[in-house]
Amino acid sequence: MFKPRYNYTDNIVNNLTRIAEARTIILNAPLIPKWEVSLRRDALLRSAHSSTAIEGNPLSLEQVSDLAAGREVMVGRKDKQEVLNYLEALEKIPTFAENIPLTGKDFLRIHKIVTKKTLDAPKYEGAYREIGVYVGNRITGEVVFMPPSEKQVPKLTDEFLQWFNSEDTNSLDPVIQAGITHYEIVRIHPFVDGNGRAARVMATLVLYNRGFDLKRFFALDDYYDNDRPSYYAALNAVDKNTQDLTKWLEYFTEGVTVSIKAVKQRVIGLSKDVKVLKERGQVQLTERQMKIVEHIIEGGAVTNRKVREMFGLSNRGALDELEKLMKLRVIKKTGKGRDISYELA
């Protein structure tokens, strides 16, 4: 079975301490639901933008946001599809988590979602590579990394998944597990294309499954995209002979520290001096109520009729849901008669 090698350095320990402190503040901060939805949506969009941009996708964050909202964006078909695929993969993180322990088929299914309708040879969407590949510098043509041969891929991937699913692995700090997961998938390079995106989805899955990011506020890909040379340098810092991951984990935990600190600062700013939060603390919503809030954020408002359509409710049932949200001071009613709609309060 795959067994990662690394040491807990002062940098790693200090990063993990800062991460734990910031996470506690975020999870206990008094947030009203519309802010939680906004933070989660922002993280989703930034992750999709950054993770695809690292691999050369030209879409701006604004264009990614338009795509997610269903608006038309004048870009190449493949570029658009890559972003839509990554958004879909991130949205399905809770579903992937339900399948843990992951099988090889589960892992291939994640890759298929990430790459569907984007590869020149569709047979490689959701399939291990059967050819040799290398990572090269697009400008100089220099070979940056030579992964294992295609013959080794099935065995190496099976060994990795055994480690991923093991009880010993689940005793690790979730950030360390996510960092190792990210690196090992990139090292094996099991696919013709989409290895980086698959690795980053899997790292995100670890953090969600381990309860580290259940609210899904963190966009780790931003950190990598902001300084791509450092990202690739950290991946290449792993000794090819010893496979010691210490330097990579120092970089990875630093990235999580920076990302979670940004979320902490935003959360503190949002919840500062808000009367309803001082009186009530965190406001909890049902899954149905959260979907109503998400719809309002995307479209600006919602009607009783739309709520009925969304959940198959009667007029009274939809009104009950809307009245509960008004009582919680999450939404407010606007208009009169047939023109009544509901907006965020």
So who's got an amide H within less than 5 Å of the one on D244, skipping anything under 5 residues away but keeping other chains? H placed 1.01 Å off N, in plane.
-> D239
Backbone N under 17 Å from the A97 label point (7 Å along Cα→Cβ), restricted to region 287-309 = 287-288, 290-291
Under 13 Å from the L27 label point (7 Å along Cα→beta-carbon), backbone N, region 144-184 = 174-175
Specify the longest stretch of the chain that does not include any exposed loop site, a site being one of the chymotrypsin sites (Phe, Trp or Tyr not before Pro) with a non-H, G, I, E, B DSSP assignment and at most 15 other Cβ atoms within 10 Å.
-> 135-345
Taking the Cα centre of the chain as origin, sum charge times position over the Cβ atoms of Lys and Arg (+1) and Asp and Glu (-1), and report the length of that vector in debye to the nearest 20.
-> 1380 debye
Nearby lysines by direct alpha-carbon distance to K117 (threshold 16 angstrom, same-chain neighbours under 8 apart not counted) | K78, K80
Those trypsin sites (Lys or Arg not before Pro) in region 57-116 that DSSP places in a loop and that have at most 12 other beta carbons within 10 Å = R71
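Quick one: work out the % antiparallel among DSSP beta bridges in the chain, nearest 5.
Working: 7 of 8 bridges.
Once the DSSP bridges in the chain are tallied, antiparallel ones form about 90 percent.
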In nm, spacing of pseudo-spin labels at V73 and S149 (7 Å Cα→C-beta vector) | 4.1 nm
Pop the C-beta distance of D106 and K336 into the FRET formula with R0 = 56 Å and round what comes out to the nearest 0.05.
-> 0.60
Positive dipole terminus of region 285-344, leading residue within G312, H295, G335 (C-beta point charges) | G335
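Can you list the trypsin sites (Lys or Arg not before Pro) in region 117-174 that are in a DSSP coil and have 10 or fewer other beta carbons within 10 angstrom?
R138
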Per the Kirkwood definition applied to all pairs of different Cα atoms, how many angstroms is the hydrodynamic radius of the chain?
-> 21.8 Å
Euclidean distance of C-alpha centroids, region 1-57 and region 135-186, integer Å | 20 Å
Taking every alpha carbon pair in region 285-344 and sorting the distances into 5 angstrom bins from 0 up to the bin holding the longest one, the percent per bin comes out as 4, 21, 34, 31, 10, 1
What is the set of long-range amide H partners of G126 at a cut-off below 5 Å, with H atoms built 1.01 Å from backbone N?
-> K112
Residue separation times 0.36 nm, minus the C-alpha to C-alpha distance between D320 and R5: what's the value?
-> 107.8 nm
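Using only the Cα atoms of region 15-101, build the gyration tensor, take square roots of its eigenvalues as a ≥ b ≥ c, and label the shape rounded, prolate or oblate: rounded if a/c is under 1.5, else prolate if a/b is larger than b/c, else oblate. Intermediate results must be reported in sequence, preceding the final value.
Details: a/c = 1.94, a/b = 1.72, b/c = 1.13.
It is prolate, given that a/c is not under 1.5 and a/b is the larger ratio.
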Please list, or write none, the lysines whose alpha carbon is within less than 19 Å of the alpha carbon of K247, excluding same-chain residues fewer than 8 places away.
-> K3
Assuming R0 = 22 Å, what is the FRET efficiency of E55 and L172, from their Cβ-Cβ distance, to the nearest 0.05?
-> 0.20
Residue farthest toward the positive end of the dipole of region 10-270, with Cβ of Lys/Arg at +1 and Asp/Glu at -1: which of Q243, Q265, I12?
-> Q265
Give the distance, in whole Å, between the Cα centre of region 297-344 and the Cα centre of region 92-111.
-> 35 Å
Hey, can you grab everything whose amide H is under 5 Å from the amide H of V144? Only 5+ residues off in sequence or another chain; H modelled, so Pro and N-termini drop out.
-> V135, G136, N137
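Any read-out appearing in this document is the output of simple, stated calculations on the displayed coordinates, not a laboratory observation. Remember, predicted model here, so these are calculated numbers, not experimental data. Reconstructed Cβ throughout: ideal geometry from the backbone, glycine too, with neighbour counts over all protein chains shown.
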